[in-house]
Amino acid sequence: MSTAATATTSALTNLILKSTNRQSLIKSLICPTIHWTPLLVNTILKHLWNHGPKALQFFDILLQNHPTYVHSASSFDHAIDVAARLRDYATVFTLLHRMRSLRLHPTPKTFAIIAERYVAAGKPDKALKIFLSMHQHGCFQDLRSFNTILDVLCKAKRVEKAWNFFKILRGRFQADVVSYNTIANGWCLIKRTNKALDTLKEMVEKGLSPNLTSYNIMLKGYFRAGQIEEGWKFFLEMKKRRCEIDVVTYTTVVHGLGVVGEVKRARKVFNEMVDKGVLPSVATYNALIQVLCKKDSVENAVSVFEEMLRKGYVPNSITFNVVIRGLCHKEQMEKAMEYMDMMRDNDCGPNVQTYNIVIRYFCDAGEIGKGLELLEKMSSENCLPNLDTYNILISSMFVRKKSDDMVVAGKLLIEMVDRGFMPRRLTFNRILDGLLLTGNQGFAKEILRLQTKCSRLPRQFKL
DNA sequence: TCGCACCCCC
C-alpha cells in the first residue's frame, strides 16, 4: 500500500477506536470523500482484530448505512471470524445469511473459519455439523474442504475425532495423499509417531504413494516426540533413498537438533545443506538463530543474523522476535529496543508479539511502569494489545500487592472485557482479592458486577 | 498437507 493509503488507514482506524457514539461514527464513515474498497475495509478489520466489538461495529455501519458500497466476500469472512472468536454465534449466522441475500456465496474458506473457531471453543461436534451443512448454505463440499476440516480438527489436537470422521467419509470424498498426511501430522502433533506411521502404511495399502511432505511430517514428529535418534536415522534414510530432500527437511533437522542442545550437529547440518546446494530460507535462519539464542549465546545468534543480512536475506518479524527475546533474556533491554527500532525501519512491526516479549521481561524485572509505557507506545502505533498482553501485565501486578497496582489491574480488566477478551476466573478473583485487601471496596464491587455480567450473558455484542 | 516466533500457566 502507498504511504498515503497507510495514513488513511491509520486515521480511520483511530477514528473508529476513539468514537463513543455510533451516530457520529456513521457520519464520519459515510462520507463521499472516503473511497471504500475491499482492501481498505480488510486492512482496517485486521488492525481492529484485537478489538472485536469495534471491528464488528465498523463492518456493520458500512453494511447497514452506506448507500452504495457493498462488502466483499473476504470482508464478510473477516467479520465472521471476529464474531466467531467472540463466540457470538448469533452474529455469525446473521452474517452468513446476509452474505447469501447479497448473492455473495459463502466459500469453503468461510466454513473453515467457523469450524476452526468452534473447535477452539471446545465444540468440535459443532464444527463437523457446520461442515456437513455447507451445501445447505449454497457451498458444495469437495475433497479440499474435507481435507480442511480434518486439518482443523488435527491442529486442535482432536486427532481421534478427525480419524473417526475420516474413516467414515474417506470413501465418499476419495481421500488422497493430503488427507492421509493431514491425519499423520495430527498424530505427530500429539506425539503418537507410531499411529502416524500406521496411517501412512494404511495409505500405501490403499495404493497411494507418500510424498516428500509425508516424510517431512514423520521427521518432525520424531523430533517433536523427543525421539531424536529415530529422527536422525529417518533423516539418513531419507537422504539415502529419496534424493529430493528439501529446505523444509533441513530446517526441521536444524531446529530439532538445536532444541535438545545439539548445537554443533545443528550447525553441521546447516552447513551441509549449503554444500548440497539446498538454499537455506529465512525460516532456516530463524531456526538456527533461535537455537543459538536458547542453547548457545545471543552473541553467536546475532552474528548469524548479521550473516543473513550480508547474504541479502530479508529478516521477517519472527527473526526479529527471536533475537529480541534472546537479548531480553540476557538483560540487554537497550539492545532489544534498538532491534525494535530496526523493525520500524524495515517496515515490519514491531507487532503485538514483539511488545509482549519486552513487556514481559520488564514486568519480570519489576519494572511495571516501563511495561505500561510500552502498552501506551503500542496503541500509538496502531498495534492493539491481545489477551496475552493483558495477562502479562495484570499478573505482574500481583508480585507485590500495592494498592495503586490493584486499581490499574482493575482498569486493565475492564478494558480487556470491553475489547472482547474473556479474562479467566482466576484473574477476576485475584483482582477482587487485591482490591479488597488494599481497601478499594467500591472498585471491587464494580469488578464483581462485571464478572457477574460476563458469566451470565451469552456473548452477543450489540452492533 | 510439512519447516522457523510470540503467549496466559500448568
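Read-outs: derived from the displayed coordinates by stated rules, not from any lab. All values reported here derive from a predicted model rather than from experimental measurement. A quick note on method: Cβ atoms are made from the backbone with ideal geometry, for glycine too, and the neighbour counts reach across all protein chains shown.
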Plugging the Cβ-Cβ distance of residue A:18 and residue A:455 into 1/(1 + (r/R0)^6) at R0 = 22 Å yields, to the nearest 0.05, a FRET efficiency of 0.15
Label residue A:345 and residue A:97 with points 7 Å out from Cα along Cα→Cβ: what is the distance between them in nm? 5.5
Take residue A:230 and residue A:306, extend 7 Å from each Cα along the Cα→Cβ direction, and tell me the distance between the two endpoints in nm. 4.2
Evaluate the charge dipole of the stretch A:176-244 about its Cα centre and quote only its size in Debye, nearest 20, assuming +1 on the Cβ of each Lys and Arg and -1 on the Cβ of each Asp and Glu. 180
Taking a label point 7 Å from the Cα of residue A:209 along Cα-to-Cβ, the residues of the stretch A:230-255 whose backbone nitrogen sits under 19 Å from it are A:237-246
Would you mind checking A:27/A:453; A:201/A:233; A:157/A:335 for any pair whose Cα atoms are more than 28 angstrom apart? A:27/A:453; A:157/A:335
Determine the relative contact order of the stretch A:314-396: mean sequence separation of Cα pairs under 8 Å and six or more apart, normalised by residue count, in whole percent. 27
FRET efficiency (residue A:411, residue A:35; Cβ distance; R0 35 Å; to 0.05) is 0.40
Using the Cα centre as the reference, give the magnitude of the dipole from point charges on the C-beta atoms of chain A (Lys, Arg: +1; Asp, Glu: -1; all else neutral), rounded to the nearest 20 debye. 1600
With unit charges on the beta carbon (Lys/Arg positive, Asp/Glu negative), name the residue among A:349, A:369, A:329 whose Cα is farthest towards the positive pole of the charge dipole of the stretch A:314-396. A:329
So the label point goes 7 Å from the Cα of residue A:160 along Cα→C-beta, right? Which residues of the stretch A:118-133 then have their backbone N under 20 Å from it? A:119-129
Please give the contour-minus-distance gain from residue A:446 to residue A:68: 0.36 nm per residue of separation, less the Cα-Cα distance, rounded to one decimal in nm. 131.7 nm
The stretch A:1-104: relative contact order from alpha carbon pairs under 8 Å, six or more residues apart, as a whole percent, is 23
For chain A, what does the helix formula give at 222 nm: sum of -39500 (n - 2.57) over DSSP H segments with n ≥ 4, over the residue count, nearest 500 deg cm²/dmol? -23000 deg cm²/dmol
